[in-house]
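Written out below as structure tokens is the structure these notes cover.
Every number in this text was worked out from the coordinates using simple rules, so none of it is lab data. Keep in mind the model is a prediction, meaning the values are calculated, not measured. Using ideal geometry, Cβ is built from the backbone for each residue, glycine included, and neighbour counts are taken over all protein chains shown.
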Ligand code: PEP
């Protein structure tokens, strides 16, 4: 299975200048690595970055002739295209700005914007209507982890896929091409705390089985781990067959650490 390493830049970098510096560093290092490794072009993991809306068009333009894909961090739940929704960006607008994927359901959106189950189902539907791939984030809080509720929480969060498929059963056959699941325990995001590889592996196996059951297919969906992944711990996650890559926040803001994580999954 193709590995993916995705950088979620969140509300960073602060200025367009800093965005360009990060892209310069990233593209220079990727070019050098690709030229040094022409024998194995297909064994490299797929890289993607998710800049903030304000930088999306500029970043996607700079990435156009590179191997790195560009994603939005979110899309509007209200409409796939246009409408009176102040502050929102539609799936059509982010696709027009050059994104080919979007993150949906990140825990920071769930926490600070109170995203509901129904709004997430709408976002999935709008993304797919505009041919955007979806990185769906799921994961339990510290209290839920302490109470050993991880799998229950994940099942409840994955129900958005079930409801989407009830509305649009024709999506079943292409689900694993159009969706990536990012398992991100909320307590591990930006904290430096991580679950054990065995815990992540067990949870990923559960997610793969659950999604295969929802879509009635044997085909496994890509499942990434996210939460304090860095250059030092990436190899241990990459060594596990259930972990298909990483969604990276803080460590994606430096080309060196982002590519070190990518190299662990190459
Ligand atoms: C994230 O926010 O998706 C994330 C994984 O952040 P960090 O890597 O900083 O924990």
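What the Cβ-Cβ distance of residue 239 and residue 2 gives, at R0 = 22 Å and to the nearest 0.05, is a FRET efficiency of 0.85.
By the equivalent-ellipsoid construction on the alpha carbon gyration tensor, region 201-266 comes out with semi-axes of 26, 11, 9 Å, ordered largest to smallest.
Using a Förster distance of 45 Å, how high is the FRET efficiency between residue 36 and residue 116, based on the Cβ-Cβ distance and rounded to 0.05? Each step should come with its number before you reach the end.
Details: r = 48 Å, r/R0 = 1.06.
It comes to 0.40.
Cβ crowding within 10 Å ranks 225, 85 as 85, 225, fewest other Cβ atoms first.
Can you give me the relative contact order of region 1-155 as a percent, contacts being Cα pairs under 8 Å and 6 or more apart? Don't skip to the end; give the middle numbers.
Details: 217 pairs, mean separation 29.0, N = 155.
Worked out over region 1-155, it gives 19 percent.
Relative contact order, whole percent, for region 182-251 stands at 41, derived from Cα pairs under 8 Å and 6 or more residues apart.
Need the C-alpha centroid separation for region 247-266 versus region 53-108, integer Å. Each part's Cα centre sits 21 Å from the other's. Each principal axis of region 65-129 carries a Cα extent, and these read 37, 26, 20 Å when sorted largest first.
I want to verify the translational diffusion coefficient of the chain in µm²/s; compute it with Stokes-Einstein, Rh as the Kirkwood radius over Cα pairs, at 4 °C and 1.567 mPa s. Kindly include the intermediate steps, with their values, before the conclusion.
Numbers: Rh = 18.6 Å.
The estimated diffusion coefficient comes to 70 µm²/s.
What is the ratio of the Cα radius of gyration of region 104-179 to 2.2 N^0.38 Å, with N the residue count, to two decimals? Walk me through the numbers on the way to the answer.
Values: Rg = 13.0 Å, N = 76, 2.2 N^0.38 = 11.4 Å.
So region 104-179 has a normalised radius of gyration of 1.14.
Place a point 7 Å from Cα of residue 170 in the direction of its Cβ. Which residues in region 119-153 have their backbone N less than 19 Å from it? Correct set: 122-134. Sorting the Cα pairs of region 1-72 by distance into bins of 5 Å, from 0 upward, gives 3, 15, 26, 26, 15, 9, 4, 1 percent per bin.
Based on the Kirkwood radius over alpha-carbon pairs, what is the Stokes-Einstein translational diffusion coefficient of region 137-266 at 4 °C with 1.567 mPa s viscosity, in µm²/s? Estimated diffusion coefficient is 85 µm²/s. Determine which residues of region 143-174 fall in the zone a paramagnetic label at residue 212 would reach in this model, i.e. backbone nitrogen under 14 Å from the point 7 Å along Cα→Cβ. Within reach of a label on residue 212: no residues. In plain terms, the residue of 164, 63 with the fewest other Cβ atoms within 10 Å comes first and the most crowded comes last, giving 63, 164. From its DSSP helices (H runs of at least four residues, each -39,500 (n - 2.57)), the chain gives a residue-normalised ellipticity at 222 nm of -13500 deg cm²/dmol.
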